[in-house]
Amino acid sequence: MCQFQAEQSKIINNCNIKGKYYRIDFMCEKIAELARPGQFVHVQIKNMGERLFRRPFSIFDVSDDGVLSIIYKVVGYGTCVLSGLKNGEICDILGPLGNSYSIPEIGETPIITAGGYGAASTYLLAKNSQTKGKVLLGAKNKDELILCDEYKRLGFDVEIATDDGSCGYSGLVTDLLAYFLKEAGIKIYGCGPNSMMYAITKMLKGTSKIAELSLDENMCCGVGACFGCVIKVVAKNEKGWEYKRSCNEGPVFKSNEIYLDF
Amino acid sequence: MANLTTNLGKLVLTNPVMTASGTFGYGEEYAKFYPLKQLGAVVVKGISPFQCHGNPMPRICETSSGMLNAIGLQNPGVDNFINKPEYLPFLRKAGAVVIVNIWGKSVEDYCAVAEKLDGVEGIAALEINISCPNIKEGGIAFGTDPVLAAKVVSSVRKKTKLPVITKLSPNVTKVSEFAKIVVGEGADMISLINTYPGMAIDIETRKSRIANITGGLSGPAIKPIAIKMVYETANAVDVPIIGMGGIFTTADAIEFFLAGADAVAIGTANFIDPMTPIKIISGINEYLDSHGYSGIKELVGNLAI
Ligand SMILES: Cc1cc2nc3c(=O)[nH]c(=O)nc-3n(C[C@H](O)[C@H](O)[C@H](O)COP(=O)(O)OP(=O)(O)OC[C@H]3O[C@@H](n4cnc5c(N)ncnc54)[C@H](O)[C@@H]3O)c2cc1C
Ligand SMILES: Cc1cc2nc3c(=O)[nH]c(=O)nc-3n(C[C@H](O)[C@H](O)[C@H](O)COP(=O)(O)O)c2cc1C
Ligand code: FES
């Protein structure tokens, strides 16, 4: 059973890294100590007025001295307010929540496929992995590409795909993944828009390869109490599927568990 | 220290704060934050005779000072609830006072759950949900039709020795009439309010933000409606009342007591701050002490007119 808690966390850095992407660092010792790759935190953003919900963000990185970092993209009201919070302000953070990626075994080469802010979710995995592998980063265009240098610094090969061809391969990052599928000894991970995760699921159907994919569903409680964040997983019943909570049984699901109904 | 002991007829609680059905899962999740024994009672998510998958996604959305949900009463079914370690056995071990919220698609369904739960160790009361707006059959249909409401309550009453709470819908013209009807059929207590039907639309996709199209509105947005309905109900019937709807703070809870609630339930607030019920329990204590009340009873219905 996962262990989690609420922690009053002081902001020690909150800065723009590129375009709409920001990095925020919290002093958040207890959660940082427990955090595993792929888990997320549920942040109560102050000053949101009539908007009540917490916002979920992947744990990007943690340090031994209790710093927990998030990479976030400003997409709406909450993330916009978050980008305006100052050093020294306190946020109530719940975490670490959800399950985690399994670390590649010795001899297994990790291939991480990430799109948009999904690249934040797999960084700790790469950092903790004994064997270095590849990171396939996808984005709309070169201005939306993040974390290339960070992954390179960990010793990973970074391959890039952009929708408009402004950097790297012109097309979908899943096309890049297709090149590597036949290689032996690889372990595939993914985090990005759900459409991308479902595309990977489809690619792997009928092969013996199983990917670990982190799905992105809207969340409310974040701890498994509301049943508002479910996804369809394969089940032995008359329908062939059942709903599982992505905050609790996920956000990481095995590709052979994910049920595709389209 | 004021006395928080709360008498709801035969049901005696250490304090008047419980959790609202559907907002607390089956207890296990929030037991990581505090011992469930500290609550007056835990009201679990609606249980039906059969396992239920619930509605398609999206099931929730944030709205001004509240939220819409159409979960569709996803639940493991009564047999799994009784037997699987993560449900009732877990709550029993945690020493929680358990109230089981029940629902069905027909009167027979309601009776089947009540019958199965009767005599099972570790259940303090049943709450009949005749007010869920999010399922096609049953639910709110029972709560908005006086004849059906009477039928469900009288039938369940015959199947159980446990105290029976009836949870009313706010989606009626005169909630006090429904309160009188269900009390007449043997309900030992009334709880209110369930969510209020509502809708929200994404103007880019032109789709409803909820796959079920409509959902139930909860949170601070519905609190004034809930207070008024508790007030009217308390003046119409003589049984204990459990008030809920948008309780986020101690002050919110005190408003409900003054309107006539004997106990309160915390719903949506759990999703925002899991410690809310515990904070409110100690807040009520402080309020009673600082205002010179010796117990919660002195507050109930004590509205200055
Ligand atoms: C497990 C998980 C991990 C995540 N990790 C990251 C991360 O590392 N970095 C990052 O930038 N974002 C991450 N997100 C997405 C992030 O939670 C949303 O972008 C954020 O909640 C939007 O809030 P807002 O108030 O700015 O947007 P709103 O104004 O509320 O909405 C804008 C858009 O964001 C979407 N959205 C709103 N709330 C949520 C939600 N709770 N979950 C998912 N999407 C939502 C809406 O559908 C809408 O399209 C993650 C989401 C999940 C579920
Ligand atoms: C996500 C969610 C699920 C709910 N599920 C149930 C349920 O299963 N049975 C029930 O009687 N009420 C259910 N309710 C209604 C609540 O118990 C409560 O009556 C209502 O939300 C008003 O209280 P609040 O504003 O404090 O949340 C649910 C509410 C929410 C928000
Ligand atoms: S967000 Fe509430 S169960 Fe997942």
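The values are calculated or read from the model by the stated rules, or taken from the named source; none is laboratory data. A quick note: this is a predicted structure, and the numbers were derived from the prediction, not measured. Here the Cβ is made from the backbone with ideal geometry for all residues, glycine too, and neighbour counts use every protein chain on show. These area figures cover heavy atoms from the full protein model, side chains too; ligands, DNA and RNA do not enter into them. Shrake-Rupley method; radii C 1.70, N 1.55, O 1.52, S 1.80 Å.
In region A:225-262, of all residues being within 16 Å of ligand 2 (Cβ to nearest atom) and out of contact with any Lys or Arg (no Cβ under 9 Å at 6 or more places or on another chain), the one that is most open to solvent (accessible area, probe 1.4 Å) corresponds to A:N248. Identify, please: which residue in region A:204-242 is assigned to a loop (DSSP other than H, G, I, E, B) and β-branched (V, I, T) and is, among those, farthest from ligand 3 (Cβ to nearest atom)? The residue in question is A:T207. Of note, B:D109 does not satisfy the criterion of being of a type in the set (D, E, K, R), surrounded by fewer than 17 Cβ atoms within 10 Å (Cβ to Cβ) and at pLDDT 90 or above.
Quick grid of which residues meet (1) surrounded by fewer than 23 Cβ atoms within 10 Å (Cβ to Cβ); (2) out of contact with any Phe, Trp or Tyr (no Cβ under 9 Å at 6 or more places or on another chain):
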site	(1), (2)
B:N83	yes, yes
B:V156	no, no
B:V172	yes, no
B:D188	yes, yes
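Taken over region B:216-236, the residue count meeting the criterion of being within 14 Å of chain A (Cβ to nearest Cβ), away from ligand 1 (no atom under 16 Å from the Cβ) and out of contact with any Pro (no Cβ under 6 Å at 6 or more places or on another chain) is 6. Only one entry in A:I45, A:I59, A:I71, A:I31 is more than 9 Å from ligand 1 (Cβ to nearest atom) and in contact (Cβ under 8 Å) with a residue 24 or more places away in the chain, namely A:I31. Among the numbered conditions (1) open to solvent by 50 Å² or more (accessible area, probe 1.4 Å); (2) closer than 15 Å to A:C91 by Cα; (3) within 16 Å of the chain's Cα centre (by Cα); (4) of a type outside the set (A, V, I, L, M, F, W, C), the only one that A:R36 does not meet is (2). Restricting attention to region B:62-113, the residues being farther than 23 Å from B:I242 by Cα, part of a strand (DSSP E or B) and more than 16 Å from ligand 3 (Cβ to nearest atom) number 1. State whether one or more residues within region B:197-210 are modelled with pLDDT under 95 and over 19 Å from B:V300 (Cβ atoms). Yes: one or more hits. Of everything in region B:236-256 that is in a helix (DSSP H, G or I) and out of contact with any strand residue (DSSP E or B) (no Cβ under 7 Å at 6 or more places or on another chain), the residue that is surrounded by the fewest Cβ atoms within 10 Å (Cβ to Cβ) is B:A251. The helices (runs of 4 or more DSSP H) falling completely within region A:99-199 that include 1 or more residues that are open to solvent by 10 Å² or more (accessible area, probe 1.4 Å) map to A:123-128, A:148-153, A:173-180. Residues in region B:237-268 that are within 14 Å of chain A (Cβ to nearest Cβ), without any contact (Cβ under 8 Å) to a residue 60 or more places away in the chain and under 13 Å from the mean Cα position of the chain (by Cα): B:I247 only. Looking at region B:1-53, the strands (runs of 3 or more DSSP E) lying wholly inside it that each contain 2 or more residues that are surrounded by 22 or more Cβ atoms within 10 Å (Cβ to Cβ) and either within 11 Å of chain A (Cβ to nearest Cβ) or without any contact (Cβ under 8 Å) to a residue 40 or more places away in the chain (or both) sit at B:42-47. Residues of region A:208-224 that are open to solvent by 10 Å² or more (accessible area, probe 1.4 Å) and either at the interface with chain B (Cβ under 8 Å from one of its Cβ atoms) or within 11 Å of ligand 2 (Cβ to nearest atom) (or both): A:E217, A:N218.
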